[in-house]
1. Answer rounded, prolate or oblate for the range 170-249, using the Cα gyration tensor with square roots of eigenvalues a ≥ b ≥ c: rounded when a/c is under 1.5, else prolate when a/b is larger than b/c, else oblate.
2. Report ³J(HN,Hα) in whole Hz for each residue of the range 236-253, in order, from the Karplus equation J = 6.51 cos²θ - 1.76 cosθ + 1.60 where θ = phi - 60°; Gly and Pro get x.
3. Using only the heavy atoms of the protein chains and a 1.4 Å probe, how would Tyr402, Tyr216 rank by accessible area, largest first?
4. Please compute the modelled spin-label separation between Ala83 and Val42, points set 7 Å along Cα→Cβ, answer in nm with one decimal.
5. Return the long-range amide H neighbours of Ala67 (sequence gap of 5 or more, or a different chain), with a cut-off of under 5 Å between placed amide H atoms.
6. Let me spell out the model: positive unit charges on the Cβ of Lys and Arg, negative unit charges on the Cβ of Asp and Glu, origin at the Cα centre of the range 108-248. What dipole size does that give, in debye rounded to 20?
7. How many Å² of accessible area per residue for the range 174-239, probe 1.4 Å?
8. Could you tell me whether the range 89-146 comes out rounded, prolate or oblate from its Cα gyration tensor? Rule is a ≥ b ≥ c as square roots of the eigenvalues, rounded for a/c under 1.5, then prolate if a/b exceeds b/c, otherwise oblate.
Amino acid sequence: MRRIFGSKVVDAEARNESAGGMVGASRRVRRLMARGLIKRSVLKAGLLTAPKEHWPPFEGNLSMELAGVTPEGHQLFKYTHSAAYHAVQMLFEQSQASFDPNTIMALLQQHPYHVDALLTMHELYRSMGEVAASDEMLERCIYALEMAWHPYFNPGTANTRMDYEHPLNRPLFIALFKQTQNLSRRGLHGTALEYAKLLLGLDPSDPRGVLFCIDYLAIRAHQYKFLKRLVSEHEDLGHMPNFSYSTLLAEFRERTGHTADKQGRASGFAPAAGPSSSHEEEAAGEAPLEQRLSHAVMLYPVVVVRLMDKLQDKGVGKDAEWGSLLEKPPLRHADNTDNATLSHAVDIFVERHHLLWKAHDAQRLLKDACSLAVQASPEDQSNWACMREDMYADASADLNTYRHLRIADFSDSVSALPPEELQAAMGGGGVAGRGLGAMAGDDGQLPPQLLEAMQHGMDEEILADMLGNIPADQAAELQRLVQQGGLAPPDVGNEEIEAANPWAMLLRTFLPWVNAGQVPDYNNQEEEEEAAHDQEVEGIEHDVITPEEDDLD
């Protein structure tokens, strides 16, 4: 092991193991733990999240209380803040107003279970591409929220409710929804489906738009019967664009079965159903699957148009047959919908579900259904169009009912900030963003005496102890930056401004850590204004005629 990793790495790992896994602890703390004089606190296990060994001890300033009973007889709960937590919340709001992520990291060092700060750092780490750190921030947030649950709060029952309109309850909904999407991106669709059920159970009004992705998760997790039962128990769901298509796709998948693709292809499904399936439907008194899907196409033709536009960008559906179908009614001009609510719902469906319709057999099924819809009589197409207008008659054409739902929240792709801006952001606020805020002052900078000593070089372990028992490699990195003068990002020079794109540079100057151009000399400006004012006063005095001068005239 020493030949592979080196003696320094092996010795450091041995010290951490002997100290009970306290990574980053000082040498004194590790020695006391090795002797058994200090015992590491063991965090209580949760139902939703298992705490990690290196997590700090939990501080119980967040709690939950029984808020009453709903008209349906369900118990209603809400989160409450203690005086100490409220003070930390005020500090977080000040840090948030500074637009400096380093201040939020410094806050988390002192209060590692502040839920809003954890959610903020989760988003920042995700934008940076730090998936592990982002997931850990989210898991720690869920753990903090779970540890505050009331003894009577049992999300596994159908008798527990929480009001999303209560501001202190919203972090739980936000964290659970983000965890649902994270689990789905990692391929854990079954677990993500259970989180989605939990969210709907807490607030059936669906404030986070779980109904726009629960059908996707059910199909991915092969829970076809659950999806069918959900739609049968809530008939109004069948009128939503996503359920109109997903329920039929789930029936198709349940009938044909799912086969694992050893080559890892995108399809991963068995071939389409043969003629025997149609005979079984006729015997059961149901219309063929393709015909029922054609009804969904005539009800929401805009779904097919935008879905194929999305898939064609990925190289699917570019054949002449699809081109001919999209040029015929009801698909022709179907994208020109004037209802904002329907348009937004369709955009969410396309972003979340387009991969389900990318498989070859699903494309064949959808193409057959579109062929039947195109061959339908104009009267039938008009009837389905009138039905669609009746469904959205209560919604204003310009008012988007789902405007609170972001399409990006239902996407598997993660938006990222430019690396150079991230480096400037994490370096522009002093040392707080590097987890070294123990010795930093109010301005986020280290004392001048310590900076001077680091310029000449210090022992890494001694410096680590002085900076608040941080790991030695972090201390070495900080010392290197100090010696290179890299703690603060350089100002943007005139040459860089002139060479850059004007619009890009304008947007870049909005970032709080970017200093572009010189700061105006407000003192000189005030002096110039005072001088101009004095000149005006002197001119007025010369123009005024005194009474003595008037008598002489």
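1. oblate
2. Those phi angles translate into 5, 5, x, 8, 6, x, 5, 6, 4, 9, 5, 4, 6, 5, 5, 5, 5, 5 Hz.
3. Heavy-atom accessible area, descending, gives Tyr402, Tyr216.
4. 3.5
5. HN-HN under 5 Å from Ala67: Leu76, Phe77, Lys78.
6. 380
7. Dividing the accessible area of the range 174-239 by its residue count gives 41 Å².
8. Oblate is the answer for the range 89-146, as a/c is 1.5 or above yet b/c matches or exceeds a/b.
The values are calculated or read from the model by the stated rules, or taken from the named source; none is laboratory data. The shown structure was predicted, so the numbers you read here are calculated from the model rather than taken from an experiment. Heads up, the Cβs are rebuilt from the backbone with ideal geometry, glycines too, and the neighbour counts pull from every protein chain shown. For accessibility, only protein heavy atoms count, side chains too; no ligands or nucleic acids. Shrake-Rupley method; radii C 1.70, N 1.55, O 1.52, S 1.80 Å.
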